[in-house]
Amino acid sequence: MRSDAVKTGIDKAPARSLLRADGLDDEDFGKPFIGIANSWNDIVPGHIHLNEIVEAVREGIIEAGGRPFVFGVPAVCDGIAMGHKGMRYSLISREVISDCCEVMVEGHALDGWVGVSNCDKVTPGMLMAMGRMNVPGLIVTGGAMEVGKDGDRPLDLQSVFEAIGAYSAGTMTESDVRRIECSACPGRGSCSGLFTANTMACLTETLGLSLTGCATCLADDVRKLSIARATGRRIVELVKADVKPRDIVSRESFRNAIRVDMAIGGSTNTALHLPAISKDFGCPVTLDDFDEISRVTPHITSLRPGGPYSIKDLDNAGGIPAVLQILKGSLSDVPTGNGRSIAEIAAEGKVMDRNVLRSGSEAFHQQGGIAVLKGNLAPEGSVVKQSAVSPAMMRFSGKAKVFDCEKDAADAIMAGRIVPGDVVVIRYEGPKGAPGMPEMLSPTSLIVGRGLGDSVALITDGRFSGASRGGAIGHVSPEAYAGGPIAALKDGDVIDIDIPARKLDVRLSEAEIADRLSKARRVERPVSGVQKKYRMLVSSGADGAYMG
């Protein structure tokens, strides 16, 4: 076992002495050492209950004959970080979390580990570490919260952001906003729609690195602790059988995950996370895989933010096994950490609600959730959650109103300076430029809340929350800071968006763009610490904003 490096032989007496201080005895030194990466904190609602899940994982490890060790990793709540400098740390935290897991697992020669995760960057960060280290591992995601209610109207975090837009437009009172604020997030768990946290939970289960049923089981569902306990038992079995993550996950596994992502209409952030994770597994996927698969994969459910349903509805309809059952003819049969193949899980899946989960012929849309747009504004690519775009915005031309930071754009929207026919351009918010590629849920929600969702588009070299909807195009690459064409835009330039044709263009010649770029003055934001390191090392959004 790997842990023999700290527990076997006379020369390991010092390490054993320190481990005895942790409460270990002679019997423990014969057991597999299993780490539990715990992202618990009492800031993030999706994480406040994770200690209970960790305890269930511990019990399962002990039952199976392992010795558990718990260590902590950070987590950023994107909703709390949104709209201020804290959001510049959100995507950066993915790399920090990945490094934390690697440091603890490798530093202590653990035989295997379980990541107890939930929110947006924690799950991807743990998966990156899993691929990089290739030490037996599994993930338990903490589950979604219940749906909020305003009378009979369902609410979630997106509702609060859009309420602010409605207030600024004069269609909602301050007391209305407060009522929604107090009702939208009713308790622990990740936000209740198919935002980034829940999307990544679904894709982790598809990759075979969470046990079946984990992704859509809500935080307060008693099954969650049973799944956690079973995960603890299963990781010991994987260690004893020497089954590693790269034995489970292949390029075909990632393409299956992309197909599920397209079918359920997941967050555009997956176009950052899956490419980055796949690099650490040694089998890269790219935006081209996303676009290829999206064109031929029907969108079979309609979850928030683009539709009426929640993660709870998806779970009641059969969860990821039911999704796999519908897609089974187009999936590669690959192994999973359950000890069963994807084909076996798909065969056992049952669709319990045909309103929530539809067959391909009755799909909500005939193409998948994400479209990749290219053109003279995004030579390397950009992404849009097309399943959350109204028909009126699928093809759109408008005049640019250009902002060099998110706050200036949000202020203009709030002040009523954005009108139908505008394309809001927010630049210098990319991986290097921000740095950290902040999410833009505030401006997209303000646009929708002010009733402009069918008449105003937004493009950015930053990214969007999984809760964003409308004609919002992100990850425009190359970013402005790297000299991308978006840096050449001026107020009044006409921008053409054609999502069905996968095009994003400005009505300027290549010579005009080149001339403007030669004269453009790059926006510089002073950075230090982790932001400085990130700016130096990070790749473009089209490459997954990957450091490595």
Taking the Cβ of residue 153 as the centre, find all other residues whose Cβ is under 13 Å away and add up their charges (Lys, Arg: +1; Asp, Glu: -1). -2
May I ask you to list the lysines whose Cα is less than 24 Å away from that of residue 240, ignoring any residue fewer than eight positions away on the same chain? 7, 12, 31
Taking segment 82-204 on its own, what percent of its Cα-Cα pair distances exceed 18 Å? 62 percent
The chain, helix-only ellipticity at 222 nm - DSSP H runs n ≥ 4, -39,500 (n - 2.57), divided by all residues, nearest 500: -11500 deg cm²/dmol
Projecting each Cα onto the charge dipole of the chain (Lys/Arg +1, Asp/Glu -1 at the beta carbon, about the Cα centre), which of 436, 329, 357 comes out farthest on the positive side? 436
Cross-link pairs beyond the 25 Å C-alpha cut-off, checked among 121/503; 224/279; 85/432: 121/503; 224/279
Check: C-alpha center segment 346-385 vs C-alpha center segment 3-33, spacing in Å is 50 Å
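State the extension gain, in nm to one decimal, for the chain segment bounded by residue 252 and residue 344, taking 0.36 nm per residue of separation less the distance between their alpha-carbons.
Full extension of this stretch gives 31.5 nm more.
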Please state the charge dipole magnitude for the chain, taken about the Cα centre, from unit charges on C-beta atoms (+1 on K and R, -1 on D and E), reported in debye and rounded to the nearest 20. 560 debye
How large is the accessible surface of residue 108 in square angstrom, using a 1.4 angstrom probe and rounding to the nearest 10? 90 Å²
With only Lys, Arg, Asp and Glu charged, each at its Cβ (+1 for the first two, -1 for the last two), find how big the charge dipole of segment 8-154 is about the Cα centre; round to the nearest 20 debye. 460 debye
Here the FRET efficiency for residue 509 versus residue 181, based on Cβ atoms and R0 = 45 Å and rounded to 0.05, is 0.40
What spacing in nm lies between the two simple spin-label points modelled at residue 533 and residue 220, each 7 Å away from Cα in the Cβ direction? 4.0 nm
Rank by packing, highest mean first: peptides 533-546, 262-275, with packing defined as the count of other Cβ atoms within 10 Å averaged across residues. 262-275, 533-546
Using alpha-carbon positions, what is the distance between the centroids of segment 456-485 and segment 307-326, in Å? 29 Å
Sequence-distant residues sharing a close amide H with residue 381 (under 5 Å, placed H): 375, 477
For the pair residue 27 and residue 328, the simple spin-label estimate (label points 7 Å beyond Cα toward Cβ) gives in nm 4.5 nm
Cα-centre dipole for segment 364-498 with unit charges at Cβ (Lys and Arg positive, Asp and Glu negative), debye to 20: 200 debye
Using the scaling law 2.2 N^0.38 Å as the reference, what is the normalised Cα Rg of the chain? 0.96
Under a Cβ-Cβ cut-off of 9 Å, what is the net charge of the residues other than residue 400 that fall near it, where Lys and Arg count +1 and Asp and Glu count -1? 0
Testing the spin-label approximation: label points 7 Å from Cα along Cα→Cβ at residue 42 and residue 397. State their distance in nm. 5.8 nm
Considering the dipole of segment 40-103 built from charges on the beta carbon (Lys and Arg +1, Asp and Glu -1) around the Cα centre, which of 86, 54, 100 is farthest to its positive end? 86
For segment 299-395, rounded, prolate or oblate, judged on the Cα gyration tensor with a ≥ b ≥ c (square roots of eigenvalues), a/c < 1.5 rounded, else prolate if a/b > b/c? oblate
Which one, 165, 141, 185, is farthest towards the positive end of the dipole of segment 71-222 when Lys and Arg carry +1 and Asp and Glu -1 on their Cβ? 165
Taking K and R as +1 and D and E as -1, what net charge do the other residues with C-beta under 15 Å from the C-beta of residue 522 add up to? +2
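The values are calculated or read from the model by the stated rules, or taken from the named source; none is laboratory data. Please read these numbers as outputs of a predicted model, since none were measured by experiment. Counting neighbours? That spans all protein chains shown, and the Cβs are built from the backbone with ideal geometry, glycine included. Protein only, heavy atoms only, side chains kept; ligands, DNA and RNA dropped before computing areas. Shrake-Rupley method; radii C 1.70, N 1.55, O 1.52, S 1.80 Å.
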